[in-house]
Every structure is written in structure tokens, then in C-alpha cells.
Amino acid sequence: MRRTRFVIALALMASAPAIQLAGQSSLRPTQARTQAIPRMPDGRPDLQGMWTNVTITRLERPAEFGDKLVLSDQEASAYEKEFLKTNDKDRRDGGSRADVERAYNAFFWDSGTELARVNGQKRTSLIVDPADGRIPALTPEAQKRIPSPRPAWGSAVVGPDDPENAPPFGLYDNPEERPLPERCLLAFGSSSGPPMLPIAYNNHYQIVQTPGYVMILVEMVHDVRIIPTDGRAHGQTRRWLGDSVGRWEGDTFVVDTINFKPQVSFSGSS
């Protein structure tokens, strides 16, 4: 099967030091580049601390930006103001349905207030390659792999014998049919990763580092990725978050993950 490629910048928490070091969020980009990298006793960069990847920059670029990856500060400020106005959860207009859908107010959500800034530039998408900032379309072979769509969460399935009394949740009647995030087997969206992407709320991470491991604790659903860095090979056990091993390439921490459970996929991947 033909394989397609796209590159995500900023979203992977394990690679965040390439953009910003722990405790340097208030530094200007030029200051961050000249600041000495904090290091562990073994000389490796110290990734430990509390991190967040909250941002209103989406994974895929909004169509209005086309191939434009970077915005000026003025353009970014105008976009951010309009985004926050449009997505204000404290608004009371729109009727009763909109009011119910905004039951969680703006304080509850944690979607951020600014576009992501990488190397001093405001970005329109986390994907930087292809140029349009969007995930390439699935190949015909990949499309055949995806099962038929199931009814949306809460939608009715009308039965041929008793349509008026069809179950309100259709094929989601049994616990094993409920979505994985709802059953707390996997974080909502893709905040546990990989890739570790920003979601609507609970976007914090805690990283703990030892000479042989790096641990990433995910706020959402309290998922934990334990990444050996001692040179061992991958295990054979399939896991919800896959089987990760890490290695250092200079000051860059590289994580390779395989052996996901078959129920887990990213954007229709195998």
C-alpha cells in the first residue's frame, strides 16, 4: 500500500524542548535560544516539569489560510480576537438548544487564547508538511479498511418492527460498544498520543525523567506513557498507547512507538 507522509510541529510533547524549555514560557525566542539548557546528571537535557500544549492552532490548517503557514503578529491578533468571540462559551444568545450545549462555561474549557508560536512565528496549523497543512487523503486501499459508519452518539436507529420505540442510542446499548474515550480506556481526542495533540480541555502533562526512562503523565484520563531509554528492543504486547522506546540524538529525544491495539488508530491509519 502506498504510504503518505505529513509532519507535525509543536504538538509532540516529547519534542517540545526544540521549541520551548520548561520554565522558559515567558522568555522571548531570542532569549530562549541563548539560555543554557538545563541538564540531568548524565548530561541529557532535563525535560522534567509541568507542560501544556494548549493552543487555538488546529492540527489541520483552516481553508481560509490556504498554503499560508505563518501569520504576522497583527494578522494573528485579529484572528485570535475573532476566534475567541465566535467560540465564547459564556454567550447566552442562540436559544435554548445553544444554551444547553454551552452548559460548560468558558472557565471549564481549556482550548487556549492564542495561536502557537514556533521560532517566533505564529502558526496557522500544527502540520507543516504538506504545504496545505492538511492530512493527505486516504488511499483507496485504506478507505476499504475503514468499517461502515456507525450511528452518531445519541442518534436513533429506527427498527423495522417498532420504529416509534427504537432504542435512542442505537448500536451503543452495550458497554463494549461505547466509545473508548467514554469508557476511559483512552483519552478524548488524541491528547495521550502519539501524536499528543491539544484538545478541548485537560491539556497538561507531567514529565519525570530518570537515566533509564522518561514518563509522561497525561492529565486527561490520567494516561501514562513510560518510555525506556536504555536501548532495549520493542516488546510484543499490544497496548492502548502502543509500545514506546526512546533514544537520544544529540539533545533531541526521539520516541518510536509500535504495537497499538487494533481498536486504536490515528486518522484511519492501520
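See the values below:
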item	result
Matching residues, region 121-139, being on the phi < 0 side of the Ramachandran plot, assigned to a loop (DSSP other than H, G, I, E, B) and under 16 Å from the mean Cα position of the chain (by Cα)	124, 125, 126, 134, 135
Subset of region 249-270 [outside any loop (DSSP other than H, G, I, E, B) and closer than 21 Å to residue 217 by Cβ]	253, 254, 255, 256, 257, 260
Every residue from region 63-76 that is within 15 Å of residue 128 (Cβ to Cβ) and either exposed (fewer than 10 other Cβ atoms within 10 Å of the Cβ) or not aromatic (Phe, Trp, Tyr) (or both)	66, 67, 68, 69, 70, 71
Breaking point among (1) modelled with pLDDT under 90; (2) surrounded by 16 or more Cβ atoms within 10 Å (Cβ to Cβ), for residue 125	(1)
Selected residue [within 20 Å of the chain's Cα centre (by Cα), surrounded by 15 or more Cβ atoms within 10 Å (Cβ to Cβ) and acidic (Asp, Glu)] from 256, 243	243
Residue match in region 69-77 (condition: under 30 Å from residue 209 (Cβ atoms) and touching a Phe, Trp or Tyr at 6+ places or on another chain (Cβ under 7 Å))	no
Total residues in region 189-217, condition part of a loop (DSSP other than H, G, I, E, B) and touching a helix residue (DSSP H, G or I) at 6+ places or on another chain (Cβ under 6 Å)	3
Condition broken by residue 233, with the remaining ones in (1) more than 24 Å from residue 37 (Cβ to Cβ); (2) at pLDDT below 95 satisfied	(2)
Positions within region 213-229 being at pLDDT 95 or above, of a type outside the set (A, V, I, L, M, F, W, C) and surrounded by fewer than 15 Cβ atoms within 10 Å (Cβ to Cβ), in sequence order	213
Some residue of region 193-205 being at pLDDT below 95, among the small types (Gly, Ala, Ser) and in contact with a strand residue (DSSP E or B) (Cβ under 8 Å, 6 or more places away or on another chain)	yes
Residue list for region 83-118, filter: assigned to a helix (DSSP H, G or I) and either exposed (fewer than 10 other Cβ atoms within 10 Å of the Cβ) or touching a residue at least 40 places away in the same chain (Cβ under 8 Å) (or both)	85, 86, 95, 96, 97, 100
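The values are calculated or read from the model by the stated rules, or taken from the named source; none is laboratory data. Since this is a predicted model, take the numbers as computed values, not measurements. Cβ atoms come from the backbone with ideal geometry, glycine included; neighbour counts cover every protein chain shown.
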